[in-house]
Amino acid sequence: MSMKDATDDAHEHGLIFSTRTIHLSGEVDTDMTSKLALNLSLLQMRGSTQPITIVINSGGGDVQQALAMYDFIRSSGCHITTVALGSCESSACILLQAGDLRKAYRGTTVMYHSGTDSIPELSTEEFPANYAHCRVLDKLCNDIIYARMRAANPKLKPSQFKRMVASGMYYAGASVVTWGLVDEIL
């Protein structure tokens, strides 16, 4: 596909070239990861260091895909602003944290919880390894969220954070900034 064809089709893939904005909505999955990787790469090719905005509206999904996108965003040479719109929950909250500048619309719900909502059907032999792997992923995610929250709340202790994320943290409006999950409200 030529660059012109990619430009012509970009809008249907959640990319607006003129504003260097990528829209990610729906479930965090391999399709979203592919879409982000393609769109971010296209924008970097067209203006390698100009700022990029990523708008996120998602109830969450696959934590491995969220971490992959987080790493891809963080490795970009561009200044990236992430913006939460509507819902930015669970693994989508990890994506939000990838921005150099993080914003949310006033009515947006930002939610994060520790752990996974479901355990796949595994054989008895597979379960211990899968459980250990899930704990590693959980720690990676918790470390990302805790670092951002601790920067805004230096007195936040790990034990407090652990209790907060065990039952899920739901925030909207100014509390999203207070707890350090975004830098500003739009």
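Only the coordinates and a few stated rules stand behind these numbers; no lab work does. This is a predicted model, so every value here is computed, not measured. Positions of Cβ are backbone-derived with ideal geometry, glycine not excepted, and every protein chain shown enters the neighbour counts.
Spin-label point model (7 Å from Cα, Cβ direction): what's the Asp31 to Thr178 distance in nm?
3.8
Lysine pairs in the chain 8 or more apart or on different chains: how many have alpha carbons under 27 angstrom apart?
Here the count comes out as 10.
Order of 175-181, 64-70 by packing, highest average Cβ count within 10 Å first?
In descending order of packing, they fall as 64-70, 175-181.
Give me the number: length gained by fully extending Asp143 to Leu186, i.e. 0.36 nm times residue separation minus the C-alpha to C-alpha distance, one decimal in nm. Mind dumping the intermediate values first?
Numbers: separation 43, 0.36 × 43 = 15.48 nm, distance 2.62 nm.
Length gained between Asp143 and Leu186: 12.9 nm.
Please compute one quarter of the surface area of the Cα convex hull for the chain and express it in square nanometres.
11.7
Considering only Ala147, Cys93, Met169, whose Cα is most displaced toward the positive end of the charge dipole of the chain, charges sitting on Cβ of Lys, Arg (+1) and Asp, Glu (-1)?
The Cα lying farthest towards the positive end belongs to Ala147.
How would you rank Ile80, Ile54, going from fewest to most other Cβ atoms within 10 Å of each one's own Cβ?
Final ranking by Cβ density, sparse to dense: Ile80, Ile54.
Counting only the backbone N, which residues of the range 45-72 are under 15 Å from the spot 7 Å out from the Cα of Phe17 toward its beta-carbon?
Inside the label zone: 45-48.
Dipole of the range 43-105, Cα-centred, from +1 at each Lys and Arg C-beta and -1 at each Asp and Glu C-beta, to the nearest 20 debye?
200
Against the longest alpha carbon principal axis of the chain, how many degrees, from 0 to 90 and to the nearest 10, is the axis of helix 63-74 turned?
50
Label-point separation (nm) for Ser41 and Val136, each offset 7 Å from Cα along Cα-to-Cβ?
2.6
What is the spin-label model distance, in nm, from Asp100 to Lys155 if the labels are put 7 Å beyond Cα along the C-beta direction?
Label at Asp100, label at Lys155, 3.3 nm between them.
Please give the Cα centre distance for the range 155-186 versus the range 59-91, rounded to the nearest Å.
Taking the Cα centre of each part, the range 155-186 and the range 59-91 sit 17 Å apart.
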